[in-house]
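What follows draws every value from the coordinates through simple rules; no lab data is involved. This one's a predicted model, so the numbers in the text were calculated from it and none came from an experiment. With ideal geometry, Cβ positions are generated from the backbone for all residues, glycine too; neighbour counts draw on all protein chains shown.
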Amino acid sequence: MGTQQQDQTVLKDKPKKRRLKPPSKYAVVLYNDNYTPMDFVVFVLQEIFGHPFDRAERIMLAVHTDGMGVAGIYNFEIAEQKAMETHEVAVEHEYSLRINIEEIAG
């Protein structure tokens, strides 16, 4: 019995390399409603999301015609902040602009 134990070698586990996955991305989505004016949506897209006028207008038209449009894609904290800012500005102007944060599958 003693010789069998001596023949066995102990394999040391190599430390596993941890691969960190990049943080998830989140889309800030605006939804169409019958109350928020198109020019206000363009304003929000320029002021909060930093889009130039032509891109803001294209996103607004997507919201109007398709029922929704992506205002931007960010890390969660930034997406959340931009969504909150948009909501606050909409409430200040008494508009019911709907906005949501959606995780992008990756």
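Of all residues in the range 35-48, how many are among the aromatic types (Phe, Trp, Tyr) and surrounded by 14 or more Cβ atoms within 10 Å (Cβ to Cβ)?
2
Scanning the range 49-72 for residues that are buried (at least 19 other Cβ atoms within 10 Å of the Cβ), touching a residue at least 40 places away in the same chain (Cβ under 8 Å) and of a type in the set (A, V, I, L, M) returns a single hit, Ala71.
Yes/no matrix, rows are residues, columns are (1) in contact with a helix residue (DSSP H, G or I) (Cβ under 8 Å, 6 or more places away or on another chain); (2) assigned to a helix (DSSP H, G or I):
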{"position": "Pro15", "(1), (2)": "no, no"}
{"position": "Asp33", "(1), (2)": "no, no"}
{"position": "Gly69", "(1), (2)": "yes, no"}
{"position": "Gln81", "(1), (2)": "no, yes"}
{"position": "Ser96", "(1), (2)": "yes, no"}
